[in-house]
Amino acid sequence: MRKTTLTVPIVVLLLGALGTATAQEPQLPWTTYPEMRKEVGRLFEEGKFADAAAILEKAVDAFPDHLRANTANLALMRVRLGDLDRAVDALRLGLFKGTWYGTDDFFAEAWAPLKAHPGFAEVEAQSEARRAEAERLVRPRLEVAVPASAAPGARLPLFIALHGGGENVDAFKPHWTSPLLEQGFVVAYPQSSQLVAPDGFDWMRDVPRTLRELRLVYDGLLRDYPIDPGRVAVGGFSSGGAAALEVVLTDAFPVAAFVSLCPPKPPDFAADRLAAAAARGVRGTLLTSERDGRLAAQREMAEAMRGAGLLLDFVVTPDLGHWYPDDLAARIDATLRAVPRLGVGGPAGELPVVEKAIRDSIGWALTRDRARLEGILAHDDAFFIFHPDSKSTVRGWEAFVPLLDSFMDPRFKATRFDVRDLAIRFSRSGDVAWFSAVLDDCGEWAGKPSCWKDTRWTGVLEKRDGSWLIVQMHFSFASDVVRAECRAAATAAP
């Protein structure tokens, strides 16, 4: 949603609420809140503040579901008209009818005249009392999205997405999504417990509390979802963007990448912390907009981050205020693909297909689905496997067939497998992928168990005629681990 006309933050109230309500008073010609809101916005931009105020006076009762927005905007129109007493009265009316106001509601310079009015302090005090009372009942909230195409047993990358200040998860989620997030990531949307508006929350009022909450979210996600802890990213908008940077700068939990949109400068932004994050391999993107009020500070942040080696890109969207750019999804995906540790650098939609092929090349044995295995291996002389022993090297499809036949012997039974630390990379052309992982592959032969544990596994796939095929693999064991096991066995022998 592009904001190109209304320039003060109070218009987040004008444009941010997307619900509708049926007018209860016939004096207004608009039957829905968005219709009325659009007209008020037009009048505001044209400087017709009295006309806008006249509409809002009726809208307070006509659209009671938007009491806070209507009374605050009515107050703003009266400020612009120089009628400060009646501006305070509009806010008092909101308090009388049951709402209250957050400090961010009056952030813009346009509110400066009203802040000198003695009645404004009274409004602030009552609002803060109601906020504190309401916050005692607030509990952190978390919504999690898992891609439907995730392969059974797959460990997925994680993105923790943080809403902006004054927002909530419901308002934030539709903006913070992308094809790559939907197809290949567990995406977590936590909601802060720091209440700043009747339906809005913030991350930066109490940064230590934020970091504690986010660490609990991270630990719970790793416990409850199939997440690869080496492939974690964090990002967010406004105060959520600053909180994402705080996670990076304080190493609150391990992340590989970040996407920060329109953030204020976080309190722990310092050269030594930037350098430490870069040394850990963290990389990310800083996004903002031409008419964001913090642009100058953000430019300074970008320069420091680039100097530390932390920044992949700094993008300033033209002709936009403090809001989500139209190309946000593309910017998120470009960042995630540019960080090798996340292992998602391939064409859109291909990562889950390739990952499933890799896992099925082992997991097929649990159900003896020979057709599945044959469908993901290259049937030509280029097919190649290095096994840990020197006698089992496979060169060409025809050489592999007898080995495959042996797996179909009724004396063989696959019992379990586990793939960890899977990293997948794609060629620039998008038709070649290579991977590395740690594998456990266990089974029985005639009732006697055997198991490859902590096996180092690499391989290459090609996309041929629309299908991803494995063309080579390599399995090995770490020599130092093998020697240690042999020594331990020798010592234990009688």
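Please treat every number below as a calculation from the coordinates, not as lab data. None of these values were measured; they are calculated from a predicted model. A quick note on method: Cβ atoms are made from the backbone with ideal geometry, for glycine too, and the neighbour counts reach across all protein chains shown.
Amide H contacts of G164: F237, G240, each under 5 Å away and 5 or more positions distant or on a separate chain (H built 1.01 Å from N in the peptide plane; Pro and chain starts excluded).
Across region 221-229, rounded Karplus estimates of 3J(HN,Hα) from the backbone phi angles (6.51 cos²θ - 1.76 cosθ + 1.60, θ = phi - 60°) give 5, 5, 6, 9, 10, x, 10, 8, x Hz, Gly and Pro being marked x. A simple spin-label model places the labels of L222 and W445 3.8 nm from each other, with each point 7 Å out along Cα-to-Cβ.
Rounded, prolate or oblate, given the Cα gyration tensor of region 171-329, with a/c below 1.5 counting as rounded? Cα axes put region 171-329 in the rounded bin.
Cys residues of the chain that find no other Cys beta carbon under 4.7 Å: C262, C486. Summed over qualifying helices (DSSP H, 4 residues or more, each -39500 (n - 2.57)) and divided by its residue number, the chain shows a 222 nm mean residue ellipticity of -12500 deg cm²/dmol. Could you give the angle, 0 to 90 degrees to the nearest 10, between helix 118-135's Cα long axis and the longest principal axis of the Cα atoms of the chain? Once rounded, the angle reads 30 degrees. In this structure the amide hydrogen of L377, modeled in the peptide plane, comes within under 5 Å of the amide hydrogens of I470, none closer than 5 places in sequence on its chain. Placing +1 on each Lys and Arg Cβ and -1 on each Asp and Glu Cβ, with no other charges, gives region 11-134 a dipole about its Cα centre of roughly 60 debye.
Counting DSSP beta bridges with both partners in the chain, what percentage is antiparallel, nearest 5? Display every interim value, and only then the final one.
Numbers: 45 of 74 bridges.
Counting DSSP beta bridges with both partners in the chain, the antiparallel share is about 60 percent.
Extending 7 Å from the Cα toward the beta-carbon at both S392 and A484 defines two label points whose distance is 2.3 nm.
With neighbour counts taken as other beta-carbon atoms within 10 Å, the residues S239, S406 rank, fewest first, as S406, S239. 3J(HN,Hα) along region 278-286, derived from phi through the Karplus expression 6.51 cos²θ - 1.76 cosθ + 1.60 where θ = phi - 60°, amounts to 5, 5, 6, x, 6, 9, x, 10, 10 Hz, with x in place of Gly and Pro. Helix 350-367 and the long axis of the chain differ in direction by around 40°, with both axes built from C-alpha atoms. Cβ crowding within 10 Å, taken as a proxy for footprinting-reagent exposure, orders M301, M408 from fewest neighbours to most as M408, M301.
For Rg/Rh (Cα atoms, Kirkwood Rh), one of (i) 1.11; (ii) 1.32; (iii) 0.96 was computed from the structure I shared and the rest are decoys. Which label? Entry (i). How large is ³J(HN,Hα), in whole Hz, for each residue of region 377-394 in order, when computed from phi with the Karplus curve 6.51 cos²θ - 1.76 cosθ + 1.60 and θ = phi - 60°, using x for Gly and Pro? Once rounded to whole Hz, the list reads 10, 6, 9, 8, 5, 6, 5, 8, 9, 9, 8, x, 9, 7, 8, 10, 4, 10.
The local environment of R395, defined by Cβ-Cβ distances under 12 Å, has a net charge of -3 under the rule Lys, Arg +1 and Asp, Glu -1. Once both labels are positioned 7 Å from their Cα atoms along Cα-to-Cβ, the gap between S436 and E182 label points is 3.3 nm.
Starting from the Cα coordinates of region 410-482, work out the convex hull volume and express it per residue in Å³.
116 Å³
Short-range pairs are left out: with C-alpha atoms under 8 Å and at least six residues apart, the relative contact order of region 236-276 is 47 percent. With Cβ to Cβ distances under 13 Å as the rule, what net charge do the other residues near E124 carry (K, R +1; D, E -1)? Charge balance in the 13 Å sphere: 0. Taking packing as the residue-averaged number of other Cβ atoms within 10 angstrom, the listed peptides 387-396, 64-73 run from highest to lowest as 64-73, 387-396. I want the local charge near L211. Using Cβ-Cβ distances under 11 Å, sum +1 for each Lys or Arg and -1 for each Asp or Glu among the other residues. Local charge sum for L211: -2.
A cut-off of 5 Å between modelled amide H atoms, ignoring neighbours fewer than 5 places along the same chain, links F384 with G396, Q472, M473.
Assuming R0 = 35 Å, what is the FRET efficiency of A116 and R212, from their Cβ-Cβ distance, to the nearest 0.05?
After rounding to 0.05, the efficiency reads 0.40.
In region 141-342, the DSSP beta bridges split such that about 25 percent are antiparallel, to the nearest 5. Pairs of Lys residues in the chain are counted when their Cα atoms are under 16 angstrom apart and they lie 8 or more places apart or on different chains; the count is 6. Treating the angle as unsigned and between 0 and 90°, give the value, to the nearest 10°, between the Cα long axis of helix 239-250 and the longest Cα principal axis of the chain. Once rounded, one gets 50 degrees.
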